[in-house]
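> The structure is given below, and queries will be raised subsequently.
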Amino acid sequence: MTRQSPDPAQEAARWLARDDLDQSPYREQFAAWLDASEDNREAWVKAHEMWDVFDDAEENDLIAAMARAARQAKPEPVARTYWPQLIAASIATLAVSATLLIGAQQGWFGGHAAKPVQVATNEATSLTAVGRADYVTGKGQKSIVDLPDGTRVTLDAESAVDVAFTRGGATCAF
């Protein structure tokens, strides 16, 4: 890829805007640029003619305002990049999507009928078996159990009851 030579008018404007043309090595570089072509010399003369308009700025308010604006001019702002915001928004979207997906799989949104919480569990396979807890409550759970013979048993937290039915009636062991 070849680099194009800058326009002589643009180069002349750049040289005119420099404050250090009287210092080495800029003085030599400027002289070499002037000697490089007739177009460079003509561009330098035109740039000076244009700049000389500002020498009479004290006499004309409009020219004085333009000169002040030209001295205070700053480069145009560079377009702001939005990559950090796009990355943050993508991460947030991914987190929300993952949460919604997991929630849907877990039934958080009522898509499935909620299973009733069974506080006291009947762990024995038969209420006639002796020696195994038939109803159990966990930590912080309390439960009231109605047995098949009409008896009501209240279980506190972390407790168990073994119920065994025989021909003579029910036997409970806590």
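Where a number appears in this text, it was derived from the coordinates with a stated rule and is not lab data. From a predicted model like this one, the values you see are computed outputs, not experimental measurements. Note that we place each Cβ from the backbone using ideal geometry, even for glycine, and neighbour counts take in every protein chain shown.
> Determine the gain in length on full extension of the stretch Gln23-Ala9; use 0.36 nm per residue of separation and subtract their C-alpha separation, reporting nm with one decimal. Please list the in-between numbers first.
Working: separation 14, 0.36 × 14 = 5.04 nm, distance 2.24 nm.
Stretched out fully, the Gln23 to Ala9 stretch lengthens by 2.8 nm.
> Name the long-range amide H neighbours of Leu155: under 5 Å, sequence gap of 5 or more, or other chain; modelled H, no Pro or chain starts.
Ser143, Ile144, Val145
> When ranked by the protection proxy of mean other Cβ atoms within 10 Å per residue, highest first, what sequence do the peptides 82-95, 27-40, 134-147 form?
On the way: 82-95: 9.6, 27-40: 12.9, 134-147: 15.1.
Ranked from most to least packed, the peptides come out as 134-147, 27-40, 82-95.
> Next up: List, in order, the whole-Hz ³J(HN,Hα) value for each residue of the stretch 38-52 obtained from phi through the Karplus relation with A = 6.51, B = -1.76, C = 1.60 and θ = phi - 60°; use x for Gly and Pro.
Per-residue couplings from phi come out as 5, 4, 5, 5, 5, 5, 5, 5, 5, 5, 5, 4, 5, 5, 5 Hz.
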